[in-house]
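Reviewing the structure listed below.
The values are calculated or read from the model by the stated rules, or taken from the named source; none is laboratory data. Keep in mind the model is a prediction, meaning the values are calculated, not measured. We place every Cβ from the backbone using ideal geometry, glycine too, and count neighbours over all the protein chains shown.
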Amino acid sequence: MDDSGGDFGMFIEDLFAGWIQASRSAGREPAAIAEFLTSWMESDPYGFCHDLERVAATLLSKPELNAFADAIRSKFDAAPVNDYKRRRWGERLKTALAAARNINAYIALCEQTKLTVKDCKVIAEMYRSRRRPGDALAWIDRGLAACDAQTSYAKVYRALAMRVVNAGKSQRARRRWPS
């Protein structure tokens, strides 16, 4: 089936969104919702659930999101080290933890997996949203050190740094990133 226009993918996303809302309305427990979602993600021969965590993370309530992260964590922990499934569950877990704004768990997961430039940006954004510009800049610096100056990531980091600086919350930020 050709889905180059994305219509079928959007239809599948809408089905999952409707299922999440119906499950919540029916009083289904957060852990049960999380278990259903992760079981679909695990048994998906056609790719209908590819990036389902991204869609689910925007729809789930805080308790549902925490249960979802816990369910994904159990799949991550059960997968063999250096295996594709472990890397994939790790990426899914990072998405859920970022949506839950769980900085400590996200950093702990990054210590278990490979810390990427994208991870540094996500962590910096979480700190910025908590009005902790000094911590955000520390992660921006870490991300900039890890990426080549010519990459698009460097541009993203500079823009993020300027947002932190322009917030006017940190003398350290203004010294490091003068206007």
Among the residues in segment 99-109, are any of a type in the set (A, V, I, L, M, F, W, C), in a helix (DSSP H, G or I) and under 22 Å from Met10 (Cα atoms)? yes
Condition check: surrounded by 16 or more Cβ atoms within 10 Å (Cβ to Cβ) and in contact (Cβ under 8 Å) with a residue 40 or more places away in the chain. Does Leu60 satisfy that? yes
If you check every pair at least six apart or on different chains, which have Cβ atoms under 6 Å apart with a residue in segment 22-33 that is on the phi < 0 side of the Ramachandran plot first and a residue that is surrounded by fewer than 16 Cβ atoms within 10 Å (Cβ to Cβ) second? Pro30/Pro63
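Listed here are the residues, each with its yes/no results for (1) modelled with pLDDT of 95 or more; (2) closer than 25 Å to Ser61 by Cα; (3) hydrophobic (A, V, I, L, M, F, W, C).
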{"site": "Lys85", "(1), (2), (3)": "no, no, no"}
{"site": "Ala98", "(1), (2), (3)": "yes, yes, yes"}
{"site": "Arg101", "(1), (2), (3)": "no, yes, no"}
{"site": "Gln112", "(1), (2), (3)": "no, no, no"}
{"site": "Val117", "(1), (2), (3)": "no, no, yes"}
{"site": "Ala136", "(1), (2), (3)": "no, no, yes"}
Name the pairs whose Cβ atoms lie under 6 Å apart, with the first residue in segment 101-125 and among the acidic types (Asp, Glu), the second part of a loop (DSSP other than H, G, I, E, B) and buried (at least 18 other Cβ atoms within 10 Å of the Cβ), and 6 or more positions between them or separate chains? none
Just to verify a result, which residue in segment 46-57, among those that are of a type in the set (A, V, I, L, M, F, W, C) and in contact with a Leu (Cβ under 9 Å, 6 or more places away or on another chain), is surrounded by the fewest Cβ atoms within 10 Å (Cβ to Cβ)? Phe48
Filtering segment 8-45 down to residues that are among the hydroxyl-bearing types (Ser, Thr, Tyr), surrounded by 13 or more Cβ atoms within 10 Å (Cβ to Cβ) and over 22 Å from Lys85 (Cα atoms) yields Ser23
